[in-house]
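Following: one structure in structure tokens, then a few remarks.
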Amino acid sequence: MPEAASRLQITDLTFRDGHQSLFATRVRTDDLAAIAPKMNTVGFWSMEVWGGATFDVMTRFLNEDPWERIRTFKRLMPNVRLQMLLRGQNLVGYRNYADDVVQAFVRHAADCGIDVFRVFDALNDERNVATAFQTIRETGKHIQGAISYSLTERSLGGPVFTLEYFLDKARTIEKMGADSLCIKDMAGLLSPDDAAALVGRLKRELSIPIVVHTHFTSGMAYMSLLRAIDAGVDIIDTCLAPFALRTSHAALEPIVAALAGRPRDTGLDLAKLLKIDEHFENIAPKYRDFLDDTKLSVIDTGVLSHQIPGGMFSNMVAQLRQADALNRLAEVYEELPRTRRELGCPPLVTPTSQIVGSQAVLNVLFGRYKMISKEVKDYVYGLYGKPPAAIDPEVQALALADNERGREPITCRAADLLPPELEKAREDTRGLARDIGDVLCYALYPTTGLRFLKWKYGVEAPPPETKARTIEDVRRENEAVAKARKGLPVEGGVPTPAPTTSPRHFTVKVGAEVFHVEVDAEQATPAAAATTGTVTEGAPDSVVTSPMPGLVLRYLVKVGDAVKTGNPVVQIEAMKMQNNLPAPRDGRVARLGFKDGDSVNRGDVLLTLD
């Protein structure tokens with residue numbers, strides 16, 4: 001057995017990034033809690049159990065309290081550090097929140113049982129992690145600063161993402177008080193040689209432990225991890241085998257076996273791990289509809305050339321298919337690097353991957369920057385932070401032409417412009433929220449968070465789709481499918497997955513959301529009261545229609561209002577991006593086809609002018 005100082009330490013991601021990557025974060029607390037006592041005895045340095053998309057998914061789809069999940073795990077696993085992924089000032093959402101929300105969130109997470117906070121910013125703008133760092137330090141918990149790993153070339157180099165770029169960021173994070181540093185490779189782009197070079201320099205120049213996090217997407221993970229291990233990395237991220245590979249991470253078991261008896265031996269018991277694997281194999285069938293099985297390969301060989309993360313690629317495919325323009329995918333491939341370069345070469349990680357990818361699709365479908373999403377406008381203005389490179393001046397001018405805040409981007413920390421939000425959230429949830437955790441559910445996600453609180457306290461009944469699927473359900477489905485394949489009658493027909501979960505129509509994961517790519521009869525339809533919105537009325541220049549399936553966030557006008565050509569009249573959300581749709585001519589609003597919060601399909605009439 002090696003000395004403790006040289007032993008390779010393991011952070012297990014099975015409880016969070018493992019099922020987020022493979023099963024859209026849908027694994028329920030009960031299924032994880034059942035094996036938690038055994039996980040507690042393995043000897044992991046830490047276990048990532050929370051953060052990322054878990055908060056959104058639990059309140060939106062599972063009808064589970066995310067705070068209670070931490071408390072449950074802490075009770076069942078007292079001997080292992082519980083870790084979460086925090087998106088800096090974005091927390092576990094998709095926008096920057098005010099400092100008072102960040103502080104309250106971090107303190108409550110620590111109180112519930114989080115020991116290690118892995119904190120990153122999508123743009124590697126260290127100003128966006130400063131408040132989180134300070135608050136974590138005040139709680140006495142471990143700060144693990146993370147750098148979003150990205151490239152513009154096949155390997156380290158080029159105009160932005162050089163070895164020195166990452167070293168500079170690492171030095172800054174250490175000076176800010178991080179207790180450890182993580183290289184966070186979201187798309188599996190870290191090559192073996194670059195892993196060795198980067199880890200080697202970090203070990204020489206930093207005094208804090210170094211962690212490598214690299215997804216399996218490209219197939220390079222094992223090679224890169226082994227080179228990082230040889231270069232002296234202190235901790236690596238892995239998953240247990242049933243929740244590993246594909247877009248997840250390298251499986252732990254082969255690494256334990258390969259290093260056994262060698263200087264970097266993990267000291268973990270392989271037999272114990274294999275026994276634990278049986279539990280995950282047993283529960284996995286309940287979540288199989290979220291697994292992308294549309295191709296045989298367990299790696300995405302394309303990412304080696306185009307460097308587009310799997311979720312980002314799926315998002316673009318979905319947008320094109322929904323717009324009946326999948327034949328233009330090659331154009332989007334060509335457009336994407338140009339759009340990314342014009343937007344300052346941001347790392348392709350949530351939320352910037354969605355921002356860049358969606359704008360590339362809009363550029364192809366409607367003309368370059370003829371339609372600009374709200375997120376791109378906010379990004380260009382500086383509300384997400386400072387990009388790694390300069391934004392193209394012409395694109396900046398287009399994006400900020402109608403910006404109410406001004407046409408010049410801000411240079412200060414974005415959160416400095418945000419007024420406190422927590423007291424308003426308290427007031428809005430008065431009479432419903434019972435503790436700060438409830439208030440934070442609403443503060444982070446006002447629409448779905450409020451709905452969850454109503455489910456939680458019995459104000460509204462949760463919909464049937466939030467009910468947990470059982471192994472018995474899976475068994476009945478298997479039997480029905482087997483009968484159907486033999487031509488035998490099946491009572492009630494062959495069960496089919498819900499529209500948002502069928503992998504046979506592509507399972508598209510964008511942040512916490514799962515989208516069904518096929519636009520067919522099983523897609524979500526508008527509420528009954530609003531179905532008249534699908535009827536086309538009036539001349540084309542008298543109606544505003546939805547350019548693709550999405551959600552009506554809010555109408556910006558009401559019936560009877562006078563509007564001018566180009567005035568924004570309705571804000572829709574499609575694939576996590578928000579767009580203001582303009583009036584096609586001068587006129588007066590005669591009719592609103594839907595109400596705020598309704599789902600809409602491509603071509604639905606949202607508004608009619610007289």
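We did not get these values from a lab; they are worked out from the coordinates using the rules stated. Just so we're clear, the structure is a prediction, and the values are computed from it rather than from any experiment. Here the Cβ positions follow ideal geometry from the backbone for every residue, glycine too, while neighbour counts run over all protein chains shown.
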Next item on the list: Mind ranking 175-184, 402-411 by how tightly packed they are, going by the mean number of other C-beta atoms within 10 angstrom, highest first?
Entry: 175-184, 402-411
Check: Given H placed on each backbone N at 1.01 Å, which residues far from residue 553 in sequence or on other chains put an amide H within less than 5 Å of it?
Finding: 571, 572, 573, 597
Note to self: Give me, ordered by chain and number, the residues 5 or more places off residue 369 or on other chains with an amide H under 5 Å from its own placed amide H.
What the structure shows: 363
Note to self: Can you say what percent of the DSSP beta bridges in the chain, counting only those with both residues inside, are antiparallel? Round to 5.
What the structure shows: 45
Item checked: Förster radius 30 Å - calculated FRET efficiency between residue 175 and residue 153, Cβ distance, rounded to 0.05 -> 0.60
Next item on the list: Give the distance, in whole Å, between the Cα centre of region 236-294 and the Cα centre of region 453-469.
Entry: 33
Check: How far is helix 310-322 tilted, in degrees, relative to the longest principal axis of the Cα atoms in the chain, given as a value from 0 to 90 rounded to the nearest 10?
Finding: 20
Note to self: Strictly over 24 Å apart at the Cα level, which of 374/564; 424/454; 141/175 would you flag in this model?
What the structure shows: none
Check: If you plug each phi of region 151-163 into the Karplus form 6.51 cos²θ - 1.76 cosθ + 1.60 with θ = phi - 60°, what whole-Hz ³J(HN,Hα) values come out, in order, with x for Gly and Pro?
Finding: 9, 10, 10, 5, 8, 3, x, x, x, 10, 8, 9, 4
Margin query: So for each of 22-29, 455-462, 351-358, 332-339 I average, over its residues, the number of other beta carbons within 10 Å; can you give me the resulting order with the highest mean first?
Written below: 351-358, 22-29, 332-339, 455-462
Note to self: To make sure I understand the rule: partners must be lysines, Cα under 26 Å from the Cα of residue 275, and not fewer than 8 residues away in the same chain. Which ones qualify?
What the structure shows: 38, 74, 286
Next item on the list: Just subtract the alpha-carbon distance of residue 162 and residue 258 from 0.36 nm times their residue separation and send over the number in nm, one decimal.
Entry: 31.4 nm
Margin query: Can you compute 3J(HN,Hα) from phi for each residue in region 281-288, using the Karplus curve 6.51 cos²θ - 1.76 cosθ + 1.60 with θ = phi - 60°, rounded to whole Hz and x for Gly and Pro?
Written below: 5, 6, 8, 4, x, 5, 10, 5
Item checked: Note, ³J(HN,Hα) from phi for region 438-447, Karplus 6.51, -1.76, 1.60, rounded to Hz, x at Gly and Pro -> 5, 4, 5, 4, 6, 4, 7, 9, x, 7
Check: Which far-off residues, 5 or more places away or on another chain, put their amide H under 5 Å from the one on residue 607, with H placed in the peptide plane?
Finding: 544, 593
Note to self: Compute the angle between helix 99-112 and the longest alpha-carbon principal axis of the chain, please, reported from 0 to 90 degrees and rounded to the nearest 10.
What the structure shows: 50
Check: What is the calculated FRET efficiency for residue 454 to residue 204, with r their C-beta to C-beta distance and R₀ = 45 Å, to the nearest 0.05?
Finding: 0.25
Next item on the list: For residue 328 and residue 34, calculate 0.36 nm times their separation in residues minus their Cα-Cα distance, and state this gained length in nm to one decimal.
Entry: 101.2 nm
Next item on the list: Treat each spin label as a single point 7 Å out from the Cα along the C-beta direction, and report the residue 416 to residue 585 distance in nm.
Entry: 4.8
